[in-house]
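The values are calculated or read from the model by the stated rules, or taken from the named source; none is laboratory data. Predicted, not measured: the structure shown is a model, and the values here were computed from it. Cβ atoms come from the backbone with ideal geometry, glycine included; neighbour counts cover every protein chain shown. The area values use the complete protein model at the heavy-atom level, side chains included, leaving out ligands, DNA and RNA. Shrake-Rupley method; radii C 1.70, N 1.55, O 1.52, S 1.80 Å.
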Amino acid sequence: MMMRLLLMLSLLAHTLAVGQAIEFPYPPTGQVLDAGSWLGDERRSRLEGALGRYRKSYQIDVMVVVWERGLPPETSLEELAERVGETWAREPLWVVILHIPDSLHRPTAVYGGSDTKKFQEEVPAVALHSAVLRGMKERTTRAQVEALGLEAGEEFVFLKNRREFEHKEHLAHQQQQLQGPEGRHQSMIFRAVIATLLALVAVGVVALLYLRRRRPSDLQFPETRWRRRLGGKWSGGGQFVVALPPKIS
Amino acid sequence: MSDATNTKSSPRKYSARAFTRAPMVCPHCQSKLEQPEDTCGHCDFDLSQCTKAFPFVAPPLALIIDPAQLLPEGIEKEIRQTYQKVRKRARQVELSFCFVCLQAGVSIEEFAFWLHNTAPGADKARAWHLLVVGDLTSGRLTLTTGYALEPFIKPETWEAALQELAACIADDQWKEGLNGFLVDVRVLLTDAWQTAEWRRQKNHRRREAPIPSSDQPKNGDKAQESAEKESPEPTDEEDPVSKDRGRTQRESATSS
């Protein structure tokens with residue numbers, strides 16, 4: 001029993017020792033961590049510019065990490081990169097390009113962050129894979145690391161843009177579907193009102209024309225034999241007389 | 001209602017009795033004249049007596065005759081538009097308003113009779129003239145029509161229109177009164193024309209109906225004369241136009 005306990009403690013102690021072996025440096029202020037200037041100033045500044053733009057414009061944190069502290073025991077490069085990303089990432093979508101100089105490991109790229117859930121499961125992986133395929137075509141490792149950072153950034157920018165576009169389209173489509181019946185209803189009301197108004201105007205015009213035609217003009221009375229009398233050549237005098245009513249004061 | 005636009009009447013001359021049964025009255029003694037006579041059978045009145053009674057030159061028949069300046073200024077301009085509508089409706093008919101202050105005891109009927117017949121510039125149109133004369137001394141108004149228009153004037157409706165004019169004049173509402181009267185005239189002339197047309201057409205239908213052979217006269221001229229004599233005399237039953245349409249039609253005409 002004691003032996004078992006000792007064995008478990010020794011295993012736990014080993015794990016703790018391994019965990020404590022990963023010493024994280026301070027996170028980089030920019031996008032590149034290269035304390036030993038392995039990448040070179042020119043390449044580093046190019047990377048800082050491009051990756052900083054990705055972060056600023058698209059909220060994608062692409063970090064290029066040149067790890068000079070050695071790989072902790074029983075830890076893969078991908079695991080280390082993931083831990084780096086989870087620890088240092090400042091955006092909901094991040095990509096880490098990690099390389100340990102003077103090692104037999106090839107540069108590695110991993111992605112993560114809460115925004116990855118917004119994509120379909122395999123889409124970010126495919127994007128990263130194609131970025132790796134392109135980036136690894138470079139001849140030198142430094143160029144490969146630089147290319148990986150840039151390619152991964154571009155791929156994820158494209159991915160994000162496409163997702164936003166699809167989201168907008170989807171929303172627009174949804175909105176159309178939601179507002180469709182109401183819109184059609186309003187349109188029908190509008191058309192009905194217009195048709196009614198036109199009909200009323202037409203009826204009004206017809207009525208006016210009809211009334212105008214009905215209104216008599218230039219009436220010609222028939223000629224009669226005049227009843228000339230009392231020596232009057234044109235008139236025989238008045239037929240009736242009315243009195244002015246008294247003034248109301 | 002038949003088509004009333006651009007109607008041309010028959011060229012044939014009708015007997016006045018085909019359209020009216022209104023009596024002829026002597027302007028002097030107001031007695032009825034049974035037949036058109038040169039002098040009144042009761043008082044021997046005729047135009048020459050009138051001429052002696054009014055020994056001055058009559059003014060020409062304008063729309064407004066106002067020698068004593070009794071009417072407000074610019075009244076003619078204010079009623080001109082309504083007058084034009086009357087003229088447009090019945091171009092045969094002309095109209096004049098004459099307002100004077102006659103001496104006390106002078107008959108307005110005689111004055112109107114004299115003015116209608118002796119006013120200068122008379123031609124055939126004078127027989128279609130409608131003259132309204134007002135005497136502010138006696139406070140009376142009279143309407144005189146020419147011989148041609150006389151058969152189509154229905155005294156009761158025209159008298160109502162004249163009474164409305166008199167009421168307005170009594171209130172010094174000259175413009176409203178004259179314009180209202182002109183609207184009445186337009187409506188009444190339309191009614192008169194409709195009645196006349198109805199009677200004329202009815203007369204034609206009767207004439208076109210086959211006449212029994214025994215009644216057929218031999219001479220053509222005599223046939224026309226007998227037709228004239230047999231022309232239908234108007235009765236109140238035959239009148240297609242309601243008696244009391246004056247006011248309502250005036251209102252509708254005003255709104256139109």
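Mind scanning A:K56/A:K117; B:K175/B:K202; B:K32/B:K77 and naming the pairs with a C-alpha gap bigger than 30 Å? Going by Cα-Cα distance, B:K175/B:K202; B:K32/B:K77 fall outside the 30 Å limit.
Tell me the carbon and sulfur percent of the accessible area for region A:26-164, rounded to whole percent, probe radius 1.4 Å. Each step should come with its number before you reach the end.
Details: 3490 of 7280 Å².
With neighbouring chains kept in place, the figure for region A:26-164 is 48 percent.
Considering only GluC sites (Glu not before Pro) in DSSP loops that have at most 10 other Cβ atoms within 10 Å, the longest stretch of chain A without any of them is A:123-249. If you sort A:H105, B:H204 by accessible surface, 1.4 Å probe, largest first, the order is A:H105, B:H204.
Using the Kirkwood radius built from alpha carbon pairs, what does the Stokes-Einstein equation give as D for region B:55-200 at 10 °C and 1.306 mPa s, in µm² per second?
Numbers: Rh = 15.6 Å.
The calculation lands on 102 µm²/s.
Taking only the Cα atoms of region A:26-164, the ratio Rg/Rh comes out at 0.93, with Rh defined as the Kirkwood radius. Given a 1.4 Å probe and the protein chains as shown, B:I153 ends up with an accessible area of around 0 Å². In chain A, the alpha-carbon atoms span a convex hull of 486 Å³ per residue.
Run through region B:113-215 and list the GluC sites (Glu not before Pro) located in a DSSP loop whose Cβ has at most 10 other Cβ atoms within 10 Å. Intermediate results must be reported in sequence, preceding the final value.
Working: sites: B:E156, B:E159, B:E164, B:E176, B:E197, B:E208; in loops: none.
Taking region B:113-215 and a limit of 10 other Cβ atoms within 10 Å, no loop GluC sites (Glu not before Pro) are found.
Taking amide H as placed 1.01 Å from N in the peptide plane, A:L33 has its amide H under 5 Å from the amide H of A:V64, A:V65, A:V66, each at least 5 places away in sequence or on another chain. Between helix A:41-58 and chain A there is an angle of about 40 degrees, using the helix long axis and the longest principal axis of the Cα atoms. Based on protein heavy atoms only, region A:26-164 ends up with 52 Å² per residue of surface accessible to a 1.4 Å probe. For region A:149-211, the pair-distance distribution built from all alpha carbon pairs, in bins 5 Å wide starting at 0, is 4, 14, 9, 10, 8, 9, 7, 7, 7, 6, 5, 4, 3, 3, 2, 1, 1, 0 percent.
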